[in-house]
Each structure stands twice: as C-alpha cells, then as structure tokens.
Amino acid sequence: MNEPLWSAVDRYIATHLIPEDEALDAALAASAAAGLPAGAISASQGRLLELLARIHGARRILELGTLGGYSTIWLARALPADGRLVTLEADPRYAEVARANLANAGLAEIVQVRVGEALQTLPELLADGAGPFDLIFIDADKRNNPGYLEWSLRLSRPGSVIVADNVVRAGAILDPDGSDPSLGDGGLQGVRRFYELLAAEPRVTATAIQTVGAKGHDGFVLALVADDH
Ligand code: DHB
Ligand code: MG
C-alpha cells in the first residue's frame, strides 16, 4: 500500500547521497540484458554494505550469491588496495556476466568469482586455507541458509561480521508454513530456520533490520561473531 511512497523516498535518498555510477549502472543493464533475475540489492543498500565494510575495516570479504556482481562491486570498492573478495555463484552463466561487470568496474584483480554450488565451494575454500573473512554477505539460494551459516562460522574469526539479505519478505517470514516463490523451493523456510539457528548459536550476536524502499518491504540480518569464537 505504501510502497510507492517508500520507493519515492528511496529515490530521494539515492539522488542526494549516491552519485550516478557508470560501472554500477552498466552492471545492472548487462545483467538485465543477459536475462538474469532481478534480485540485486538497491543502490542505498549497496552503499550500506560499502559503509559496513569500511566501518569494520574489512580486508577479506566473502559473498555467497554473486548474481550479476552488483553487490560485489559495492563490497569490493570498500576494500583497501591489498584487500580481496571471494564471491560464490552456482550458475556459470551468471558468473560470466558478473566477471565481465567486475572487469568493467576495474575490480577483476581483487575479486575472485568461484563457480559451483556454495555447499561444495565453501568446504573447498576452507581446504584451500582461504579466510578467515572479516565480512560475509549471504545472498544466495535461501533454502541453504542454514548450511551457509555453519560454513560462514567456520570461515570466520572473532569479530567477523555476517550480513544476510531477504530475511523479512514483506512479513511472509511470520508464516510457519509460508513459502515465497521468488526465493525458490524451500527458500522462506530456509530463512526461518536461519533465524532459529542464529537464536541458538552462542557464537553470534544478531539482529534483523526491516527495510523499505526500491526493493519493497524486506530486511537483512546483521550478526557479529563472538570474541571467544
Ligand atoms: C529476490 C530478491 C533478492 O534480494 C534475492 O536475493 C532473491 C530474490 C526477489 O525479490 O525475487
Ligand atoms: Mg538478495
């Protein structure tokens, strides 16, 4: 009902605070042209991720769910010159689009796009000695959020920050038997289980922030990995 107002306010925010950006606009255009689903975060959310990474002084970032690399660009730009970002994408076609978008943004050197189901590539990352990561952004297939939390903790250090997208879904999260077709099979229940695991997990302190704007009514989880992790 209020969504047009939210969108107008989001536009006001973005117009004032977020400069036009050729690489980000090109990434969205190329993603749409290649037929990728429209799941990318908004500009104001991208700026929030950038700020979180900078406030935290993140040097190593892990992203689960690259899509066309839009959020990847925001996060990678927050890194210092010697920083690194690893992003995991199950769909080789999405990964190809993302690689081109990242190259166009001048970020090919500091971002590695790893192709494969994240539940396969996460153990490989750990075996390769990657991490610990300072910041982890979970935005892949929501059905597997419970497993992604487990692997994120394995790839964390005390003080690591975990952010997860799409944890409100216009209130659909309230329904114990609910589903959300746009989150895929079992997606909404994966997010509900994710909350339960966070609640039961002594190693994290977490909250969720509801958001309204260009992406409708949704929200993100923000979690801090404990110092005694
Ligand atoms: C949708 C939005 C997302 O941010 C996402 O990760 C997946 C799906 C959507 O609204 O369809
Ligand atoms: Mg998302």
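Accessible area per residue was computed with a 1.4 Å probe on protein heavy atoms; Asp91 scores about 50 Å².
When you filter the GluC sites (Glu not before Pro) in the stretch 108-198 for DSSP loop state and at most 12 other Cβ atoms inside 10 Å of their Cβ, you are left with Glu109. Using the Cα centre of the stretch 37-192 as the reference point, and only Cβ charges (+1 on K/R, -1 on D/E), how large is the resulting charge dipole? Debye, rounded to the nearest 20. Magnitude of the dipole: close to 480 debye.
Ratio of the stretch 69-197's C-alpha Rg to 2.2 N^0.38 Å, to two decimals?
On the way: Rg = 15.2 Å, N = 129, 2.2 N^0.38 = 13.9 Å.
Against the empirical 2.2 N^0.38 Å value, I get 1.09 for the stretch 69-197.
Each part gets one Cα centre, and for the stretch 126-196 versus the stretch 9-85 those centres are 19 Å apart.
Taking a point 7 Å out from the Cα of Arg93 in the direction of its Cβ, the residues of the stretch 36-69 whose backbone N falls within less than 17 Å of it are 36-40, 66-69. For Thr205, the solvent-accessible surface computed with a 1.4 Å probe is close to 100 Å², ligands and nucleic acids excluded. Assuming charge only on the beta carbon of Lys and Arg (+1) and of Asp and Glu (-1), the dipole of the stretch 1-114 about its Cα centre is about 360 debye to the nearest 20.
Only helical DSSP H runs with n ≥ 4 go in: add -39500 (n - 2.57) per run for the chain, normalise by residue count and round the 222 nm mean residue ellipticity to 500 deg cm²/dmol. Walk me through the numbers on the way to the answer.
Working: 8 runs with 96 residues, N = 229.
Calculated mean residue ellipticity at 222 nm is -13000 deg cm²/dmol.
The values are calculated or read from the model by the stated rules, or taken from the named source; none is laboratory data. From a predicted model like this one, the values you see are computed outputs, not experimental measurements. So basically every Cβ, Gly included, is an ideal-geometry build from the backbone, and we count neighbours across all protein chains shown. With ligands, DNA and RNA removed, areas are computed over all heavy atoms of the protein, side chains included. Shrake-Rupley method; radii C 1.70, N 1.55, O 1.52, S 1.80 Å.
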